[in-house]
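Reviewing the structure listed below.
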Amino acid sequence: MDKLRIVGGTPLRGKVRISGAKNAVLPILAASLLADTEVSLQRVPQLKDVSTMMSLLSSMGGKVTLTDGGGLEIDTSSVMLPVAEYDLVKTMRASILVLGPLLAKVGEVKVSLPGGCAIGARPVNLHVDGLKALGAEVHIENGYIHATARKLRGAHILLDSITVTGTQNLMMAATLAEGKTVLENVAREPEVVDLANFLNAMGAKVSGAGSTTITIEGVRSLQGVRYRVIPDRIETGTYLVAAAMTGGHVELIDTDPLLLESVLLKLEEAGAKLQIEESRIVLDMEGRRPKAVSFTTAPHPAFPTDMQAQFMAMNAIADGIGVISETIFENRFMHVPELQRMGAEFQMEGHTVVVQGVEGLTGARVMATDLRASAGLVLAALAAKGETIIDRIYHIDRGYEAIEEKLMQLGAEIERLP
Ligand code: EPU
C-alpha cells in the first residue's frame, strides 16, 4: 500500500489550478444513464472514484471513453445489465447513484446495498422510501436493493432529513416519471444544482435546485449533451487551509468562490487575507499563525462536513481554543487520535471536539482512515516539524487529483513511497 512522506515546515507559495468536483461528476456520470444519445463531459477530474464509476457504467454495457484534455464521452444506449455489483459498490458508496436513473430508464435495477463505512452507518432508507413513493417496488434480497417499476409516477415527497445523494437519486428518477414530482426538504449543495443544470441541458424540466424544494415535470426522453462540471469546492478549501496553516500565499485558479462562502468566512476569521474574483482566490497569511475558529458542520450553505478534518488540523496549531461540532456523520473524528500522535491537544465530548492550539506539531507515522481525514493529516504534516509518513494514502486518491504534483508546485517536500 502506498504511503506519503512529507517533510513539513515550508510556507506554501504559488499557483494551483482547481479540478472538477468529485461530488458533482459522480452523479452526472450516473445521470448520463438517462440519455438516449452520447454525453460529453469536460473538466472531469482523474480520480479513483471517477474510474470506479466508469467501470460501473462499463460493467453494465455502457461505453466510456477518455478524450484529450481531461474529458469523457459516455454512451449508455447499449446498457443491458442494470446491476451494480457488490465488488464495485463496496469500494465506492456513490455507486448508489445509479439506482434512480436505471429504474427510470430501464424499469429495473439491482444495486448492492452499501454497508457501513468509516465515517458512519450511512443508511439509504430515504433513497428507497422516495423511490417507493414514485411507484417503485423495492425489495432487499441477498444484500441487493432490487427495484422495479413499469412506469414511475410523479409524487409529493417530504424528505425526513437532508441527504445529498438521496436528493440526487430522486431528482434523476423523477425526470422520466409521468407527471410532476415535488421534493421537499432537499439538499441545497452546489453539486445538486450542477446535476439539475446537467439534467435540464439534456431536456429535463427541473426547477428550484439550490432551494429547499425541487420540482420536476417528467419528460419522455433525455438527449446527450456537452457539459462542463463545476470546480471542486472541497479541493479549493483544502489548498486554502494548506496555505493558511503554513503561513503561505497561494493563488487558486479555475475555481468558484461562491461555492464555499462559509469556508472563506472561517479562513478570514482565522486571520487570512483573501482576494476574491470570479474564478480566482488568493490567500495571503503574511507569515502569521492562524487564530483558532469554532464551527458546527451542517448541510449547505452552512460549514461542510467535508472540510471538518482540514480545519481540525488548522486549529491544532492555531492560537487559542476552537470548538468543532460534527452533526452530519456520527463517526467522523477518526483523524483525532492520529493528529494527537503529532502533538495536537484535543478533548472529545460526543460529537464535539475542543481543540487547544499548540505552537507546533511534530512529524510522526500516521494512518489515513477516509478521504477527508487523509486530507487533514496531509495538512498537519505540511505544517509539522520533521518527517511524517501517512499510511493507507489510497483514500486520498479517491478525491484529490494529482495532490503531490499540486503541493510540489507550491514548494512542499512530498513524495509517494510504494
Ligand atoms: N442519511 C440517512 N438516510 C439516507 C441517507 C442519508 O439517514 O437514506 C443520513 C446519513 O447517514 C448522514 C446524513 O443523512 O448522517 C447525510 O448524508 P448524505 O446522504 O447527505 O450523504 P451522502 O449523500 O452519502 C454526500 C457526499 C459526501 C458528503 C455528504 C454530506 C457524494 C458522493 N458524497 O454523501 O462526500 O460528506 O454528502 O455533505 O456526494 C466526501 O467527498 O468525502 C464525502 C463523504
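The values are calculated or read from the model by the stated rules, or taken from the named source; none is laboratory data. Fair warning: this is a prediction, and the values are worked out from it, not measured in the lab. Backbone-built Cβ (ideal geometry, glycine too); neighbour counts: all protein chains shown. In case anyone asks, the SASA skips ligands and DNA or RNA and just uses the protein heavy atoms, side chains included. Shrake-Rupley method; radii C 1.70, N 1.55, O 1.52, S 1.80 Å.
Dipole magnitude for the chain: computed about the Cα centre from +1 point charges on Lys and Arg Cβ and -1 point charges on Asp and Glu Cβ, it is near 360 debye. 3J(HN,Hα) along the stretch 383-390: 8, 7, 7, x, 9, 10, 10, 9 Hz, from the Karplus curve 6.51 cos²θ - 1.76 cosθ + 1.60 with θ = phi - 60°, whole Hz, x for Gly and Pro.
Surface composition of the stretch 376-416: carbon and sulfur atoms hold 45% of the protein heavy-atom accessible area at a 1.4 Å probe. A 1.4 Å probe over all protein chains sorts Glu184, Glu401 by accessible area into Glu184, Glu401, starting with the largest.
Relative contact order of the stretch 286-418: 21 percent, from C-alpha pairs under 8 Å at least 6 residues apart in sequence.
Can you give me the % of accessible surface on the stretch 114-217 that is carbon or sulfur? Probe 1.4 Å, all protein chains present, nothing else counted. Whole-percent figure for carbon plus sulfur exposure: 47.
For the chain, with every protein chain kept in place, what is the accessible area per residue (1.4 Å probe, Å²)? Provide the component values of the computation, followed by the final result.
On the way: 16170 Å² over 418 residues.
On a per-residue basis, the chain sits at 39 Å².
Taking Lys and Arg as +1 and Asp and Glu as -1, the other residues whose beta-carbon sits under 13 Å from that of Tyr144 total -2.
For every other residue with a beta carbon closer than 9 angstrom to the beta carbon of Tyr394, add +1 if it is Lys or Arg and -1 if Asp or Glu, then tell me the sum.
Details: positive: Lys48, Arg392, Arg398; negative: Asp2, Asp397.
Net charge in that neighbourhood comes out at +1.
The trypsin sites (Lys or Arg not before Pro) of the stretch 107-150 that meet both conditions, a loop assignment by DSSP and at most 10 other Cβ atoms within 10 Å of the site Cβ, are Arg150.
Using the structure shown, select from Lys63/Lys90; Lys266/Lys291; Lys22/Lys110 the pairs with a Cα to Cα distance greater than 19 angstrom. Too far apart for the 19 Å limit: Lys63/Lys90; Lys22/Lys110. Here the mean projected area of the convex hull built on the C-alpha positions of the stretch 232-361 is 6.9 nm². Here the chain has an Rg and Dmax of 21.3, 63 Å, counting Cα atoms alone.
Computed with a 1.4 Å probe on the full set of protein chains, the accessible area for Ile317 sits at about 10 Å². Residue by residue, the stretch 327-337 carries 3J(HN,Hα) couplings of 10, 8, 10, 7, 9, 9, 10, 5, 6, 4, x Hz when phi is fed to the Karplus relation 6.51 cos²θ - 1.76 cosθ + 1.60 (θ = phi - 60°); x denotes Gly or Pro. Remark on Glu178: its backbone amide H falls under 5 Å from those of Leu152, Arg153, Gly154, a criterion applied only to residues 5 or more positions apart or on other chains, H modelled at 1.01 Å from N. For Tyr227, the amide hydrogen comes within under 5 Å of the amide hydrogens of Ser40, Leu41, Gln42, counting only partners 5 or more places away or on other chains and with H modelled in the peptide plane.
Shown in residue order for the stretch 11-18 are the 3J(HN,Hα) couplings computed by the Karplus curve 6.51 cos²θ - 1.76 cosθ + 1.60 at θ = phi - 60°: x, 7, 9, x, 10, 9, 8, 7 Hz (x for Gly and Pro). Using only side-chain charges placed at the Cβ, +1 for Lys and Arg and -1 for Asp and Glu, the dipole size of the stretch 202-248 relative to its Cα centre rounds to 240 debye. Close amide H contacts of Lys385 (hydrogens built in the peptide plane, cut-off under 5 Å, sequence separation of 5 or more or a different chain): Leu361, Thr362, Gly363.
Pairs of Cα atoms nearer than 8 Å and 6+ residues apart set the relative contact order; for the stretch 98-157 it is 39 percent.
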